[in-house]
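Here is the structure we will look at.
The values are calculated or read from the model by the stated rules, or taken from the named source; none is laboratory data. Everything quoted here is computed from the prediction, not taken from an experiment. Cβ placement follows ideal geometry from the backbone for every residue including glycine, while neighbour counts extend to all protein chains displayed. Heads up: the accessible areas ignore ligands, DNA and RNA and are worked out on the full protein's heavy atoms, side chains in. Shrake-Rupley method; radii C 1.70, N 1.55, O 1.52, S 1.80 Å.
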Amino acid sequence: QVREKALRYKLVRSTDTGLPSTVCLYELDRERGSAERLRGSLEAFEQPVEASPVGIVALDENKTVVLWNKAAGLIFGWYADEIIGRPYPLVPSGEWEKFSELFDSVMAGEGYRDIESTRQRKDETNVALSMSTTPIRDSKGHVVAALALLSDLSQQRLLEERLAARARLEAVGQLASGVAHD
């Protein structure tokens, strides 16, 4: 027997243009618990989330992974079936305190944009990221999860290093040219 789900969502725009919008998800089936309602609500966004070129991850109030898209799998090496339902494993030990502070602020209803940080891949190598987050709220407005958009900065950092190396070589070349001319 097929059970229908009735979902509604509302995008709440922040008056502070520096903060991301908040996604409010409403599920009309009230018989299930909040964790199951959250999972059901997140399923409504499955196609756009999976198509996104940035990693999209959501953690519930216990820092358990409840949403993990394909791009997050490509960035971190963990795939959805390996990580959903497990504690968030990506924070290097030296960044745990900062991560906890940011997570707590999102769970208190605040989002943030373009925070640069380091996270750990499955193979325990580090990856530089740009992160933006927003709280996920239930139908009563209570924050039930934190949603993060994660952009891998590895390619950008590689290009920056190459440009810096090229600039150094050009400077050395100009210096050598100047010395030879003198």
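In table form, for the structure just shown:
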read-out	value
Percentage of interatomic Cα-Cα distances in the stretch 70-133 larger than 16 Å	50
Net charge of Cβ neighbours under 13 Å - reference ALA108; Lys, Arg +1; Asp, Glu -1	-3
Heavy-atom accessible surface of the stretch 63-182: percent carbon and sulfur, 1.4 Å	53
Normalised convex hull volume, the stretch 56-182, alpha-carbon set, Å³ per residue	130
